[in-house]
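The values are calculated or read from the model by the stated rules, or taken from the named source; none is laboratory data. For clarity, every value in this text was computed on a predicted model and none was experimentally measured. Positions of Cβ are generated from backbone atoms using ideal geometry, with glycine treated the same way; all protein chains shown enter the neighbour counts.
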Amino acid sequence: MPPRTGILLLVSGPSGSGKTTLCRRLADDREAHYSISCTTRAARPGEVDGRDYFFLSREEFDKKIDGGDFLEYATVHGNSYGTLKSEVLQFIQKGMDVVMDIDVQGAAQVRSCEDPEICRALIDLFVMPPTDEELVARLTGRNTDSEEVIALRLKNAIGEMSHWREYQYRLISSTREEDYARFRSLLVAERLRVSRDTANGLPKK
Ligand code: 5GP
């Protein structure tokens with residue numbers, strides 16, 4: 001059997017959907033590598049450089065754009081965010097699955113990427129809260145952000161929500177445990193997909 005290419009699981013959803021927690025937990029359980037993004041936004045209290053994000057200055061971020069280091073990058077809530085090729089390619093080539101927390105613009109860029117390895121590896125999931133009321137409650141309940149930031153995130157969340165149909169999979173959030181069980185099941189099922197390991201449906205010798 002040829003070596004398996006890892007799965008690249010893109011996860012999007014509005015702030016407060018719980019997508020980051022799901023992605024992190026999958027990585028903590030050693031089911032996948034969590035792609036650490038670069039961002040120009042300031043670290044929140046408790047966030048660690050190199051663990052939560054690579055926190056870069058505008059100049060450092062632009063240098064990486066010029067160097068062709070990003071698989072995708074986008075402006076989200078007024079800051080730049082980008083996925084490093086080095087956080088994805090070397091892992092999927094080794095057969096490791098990679099999970100990415102990414103906004104809808106970034107997901108669209110990865111989907112339109114012409115690299116056959118990425119195309120073959122890709123699956124995408126949109127995580128959404130069960131109701132608009134729940135979305136507002138989750139966004140306003142996070143006390144690490146200022147009122148201004150919350151208002152911007154709320155506005156953007158409504159825009160993000162309109163993109164769920166662009167994704168192959170959708171998870172309507174319920175309890176933490178239920179969400180995680182379903183999230184993990186998606187990865188487990190995708191690992192069984194025949195077309196991942198074969199060119200024509202029959203395993204190669
Ligand atoms: P936060 O600032 O709350 O950590 O993230 C804000 C938004 O940026 C989230 O929707 C998150 O999915 C998105 N995001 C995080 N990393 C990346 C990335 O590398 N690329 C893109 N396009 N979006 C990202």
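Quick rundown of the values:
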| item | result |
| --- | --- |
| Enumeration of residues in the stretch 1-60 that are basic (Lys, Arg), touching a Gly at 6+ places or on another chain (Cβ under 6 Å) and within 11 Å of the ligand (Cβ to nearest atom) | Lys19 |
| Looking only at the stretch 112-133, and only at residues there that are within 23 Å of Thr39 (Cα to Cα) and without any contact (Cβ under 8 Å) to a residue 60 or more places away in the chain, the one that is surrounded by the most Cβ atoms within 10 Å (Cβ to Cβ) | Cys113 |
| Every residue from the stretch 139-153 that is part of a helix (DSSP H, G or I) and either more than 13 Å from the ligand (Cβ to nearest atom) or without any contact (Cβ under 8 Å) to a residue 12 or more places away in the chain (or both) | Thr140, Gly141, Glu147, Glu148, Ile150, Ala151 |
| Val188 modelled with pLDDT of 85 or more and either in contact with a strand residue (DSSP E or B) (Cβ under 9 Å, 6 or more places away or on another chain) or in a loop (DSSP other than H, G, I, E, B) (or both) | no |
| Hits in the stretch 154-163 - residues which are buried (at least 16 other Cβ atoms within 10 Å of the Cβ), of a type outside the set (S, T, N, Q) and assigned to a helix (DSSP H, G or I) | Leu154, Ala157, Glu160, Met161 |
| Residue ID - surrounded by the most Cβ atoms within 10 Å (Cβ to Cβ), chosen from residues in the stretch 61-104 that are free of Cβ contacts under 8 Å to residues at least 40 places away in the same chain, hydrophobic (A, V, I, L, M, F, W, C) and more than 10 Å from the ligand (Cβ to nearest atom) | Phe61 |
| Verdict on Val136 being touching a strand residue (DSSP E or B) at 6+ places or on another chain (Cβ under 9 Å), touching a residue at least 12 places away in the same chain (Cβ under 8 Å) and not in a loop (DSSP other than H, G, I, E, B) | no |
| Criterion: under 17 Å from Leu186 (Cβ atoms) and of a type outside the set (D, E, K, R) - qualifying residue of Gly46, Gly67, Gly18, Gly50 | Gly18 |
| Long-range neighbours under 6 Å by Cβ, at least six apart or interchain, first residue in contact (Cβ under 8 Å) with a residue 60 or more places away in the chain within the stretch 34-58, second assigned to a loop (DSSP other than H, G, I, E, B) | Ser35/Val88; Arg44/Thr144 |
